[in-house]
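Note sheet for the following structure.
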Ligand SMILES: NC(=O)c1ccc[n+]([C@@H]2O[C@H](COP(=O)([O-])OP(=O)(O)OC[C@H]3O[C@@H](n4cnc5c(N)ncnc54)[C@H](O)[C@@H]3O)[C@@H](O)[C@H]2O)c1
Ligand SMILES: [Zn+2]
């Protein structure tokens with residue numbers, strides 16, 4: 001094993017805690033810093049009960065240089081996952097998102113560059129959100145297309161699908177690869193792009209092998225059930241537990257790529273260990289498209305719920321129509337293969353949500369009204 005002591009920032013969160021478990025199973029010494037953000041961990045900001053007792057925890061914001069300096073002195077690799085994760089919320093809490101994501105990453109890199117340390121590897125969480133719209137194909141023009149966001153005028157008319165800018169025929173979604181031009185459509189996405197680019201640039205400049213992983217839509221146990229800005233699977237689970245139907249924007253036929261958190265944790269450790277992936281940006285998904293409606297139906301079935309998923313026909317500013325991953329690069333460089341499909345992985349989320357029903361606070365409507373009052377839906 002090349003590294004022995006690994007720091008996971010944001011290691012008390014959803015992806016972080018699973019990554020910590022995977023590292024501990026592999027006999028790494030694991031250190032975690034996390035600020036136990038209230039939106040994720042609740043008003044009391046307690047360390048979650050699922051947190052692995054074998055990990056060393058420090059309550060700390062990544063931008064707190066004084067505390068982080070001491071932790072970094074003790075470790076030889078970092079998996080940097082700490083970030084605020086609400087896409088829609090980032091469009092009105094702009095400074096908070098830039099401080100927690102871009103700013104905190106800048107602080108971390110400042111330490112790596114200016115202070116004595118023995119960091120030999122950095123893995124940073126990036127996101128599919130940096131692509132904006134996914135990649136498409138026009139059959140008539142026989143060419144790939146990278147459309148910009150849909151116009152408000154078309155969305156108002158409920159025309160959800162993209163048309164080819166050259167010949168106006170319908171575009172077909174394709175798996176999105178890492179070379180797709182980036183078009184972040186939220187402050188969150190911009191902050192993820194900053195995190196990725198800053199880490200890769202500093203990594204290359206100072207010879208710290210760095211890998212940026214662009215996760216697609218991650219689902220599974222431990223995703224916050226009270227954060228109304230988090231992933232759609234957790235939001236739907238939280239709604240169903242509160243006897244409210246899953247609420248879908250547009251017609252529910254938007255395609256995404258849902259990857260189980262255990263596969264993401266596995267990818268994080270592969271990226272840590274593999275030198276083939278150094279200085280690369282790599283999609284981590286399943287490569288399979290699934291509609292939001294299918295997720296709502298699947299969860300409804302698995303919860304034995306008779307609620308009828310609600311197709312609102314409303315839209316959110318900045319939402320992309322389709323985006324799912326091309327994972328060829330992950331297969332080639334990390335030898336990564338997702339082991340879970342939705343049928344196998346979704347029961348984990350359902351069972352966990354039932355056990356944690358008390359935390360399933362339905363704040364969706366509050367968040368929705370917040371967006372509505374700002375003209376963002
Ligand atoms: N969940 C997804 O679908 C998804 C998709 C793409 C990328 N990501 C990225 O993966 C990473 C982990 O996301 P997650 O879904 O586990 O979210 P999460 O909210 O469950 O975990 C993030 C953790 O980081 C902590 N945190 C936030 N800002 C911090 C800061 N400045 N200093 C210290 N701790 C801080 C929070 O308290 C939380 O425990 C994030 O970087 C996110 O952008 C997630
Ligand atoms: Zn065309």
Open item on the list: Could you give the length gained by full extension between residue 166 and residue 69, i.e. 0.36 nm per residue of separation minus their alpha carbon distance, to one decimal place?
Closed with: 29.6 nm
Task: Degrees separating the helix 261-273 axis from the principal Cα axis of the chain, which is the longest one - done: 40
- [ ] Please give the peptides 340-349, 118-127, 20-29 ranked by average Cβ packing (other Cβ atoms within 10 Å per residue), highest first, as a rough proxy for protection.
- [x] 118-127, 20-29, 340-349
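Please list 49-58, 179-188 highest first by mean number of surrounding beta-carbon atoms within 10 Å per residue. Working shown, then result.
Values: 49-58: 14.6, 179-188: 18.8.
For the peptides 49-58, 179-188, the packing ranking is 179-188, 49-58.
Take every DSSP beta bridge whose two residues both sit in the chain, then give the antiparallel share in percent to the nearest 5.
Details: 9 of 42 bridges.
Close to 20 percent.
Could you compute the FRET efficiency for residue 310 and residue 4, with r as their C-beta to C-beta distance and R0 at 30 Å, rounded to 0.05? The partial results should precede the final answer.
Details: r = 50 Å, r/R0 = 1.68.
Efficiency at R0 = 30 Å is approximately 0.05.
Applying a 10 Å radius around every beta-carbon, put 154-165, 208-219, 237-248 in order of their mean neighbour count, most first. Show your work: numbers first, answer last.
Values: 154-165: 15.0, 208-219: 25.1, 237-248: 20.6.
The peptides rank, most packed first, as 208-219, 237-248, 154-165.
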Open item on the list: Could you tell me the calculated FRET efficiency between residue 253 and residue 332, based on Cβ-Cβ distance and R0 = 35 angstrom, to the nearest 0.05?
Closed with: 0.65
TODO: Can you tell me the 0 to 90 degree angle between the C-alpha axis of helix 292-302 and the longest principal axis of the chain, rounded to 10?
DONE: 80
TODO: Would you mind checking the tilt of helix 187-206 against the longest principal axis of the Cα atoms of the chain, expressed as 0 to 90 degrees and rounded to 10?
DONE: 40
Open item on the list: Could you tell me the relative contact order of the chain? Use alpha-carbon pairs under 8 Å, at least six residues apart, and round to a whole percent.
Closed with: 18
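Each value in this text was obtained by applying a stated rule to the coordinates, not by laboratory testing. None of the values given here were measured: they were computed from a predicted structure. Methodologically, a virtual Cβ is constructed for each residue, glycine included, from the backbone with ideal geometry; neighbour enumeration extends over all protein chains shown.
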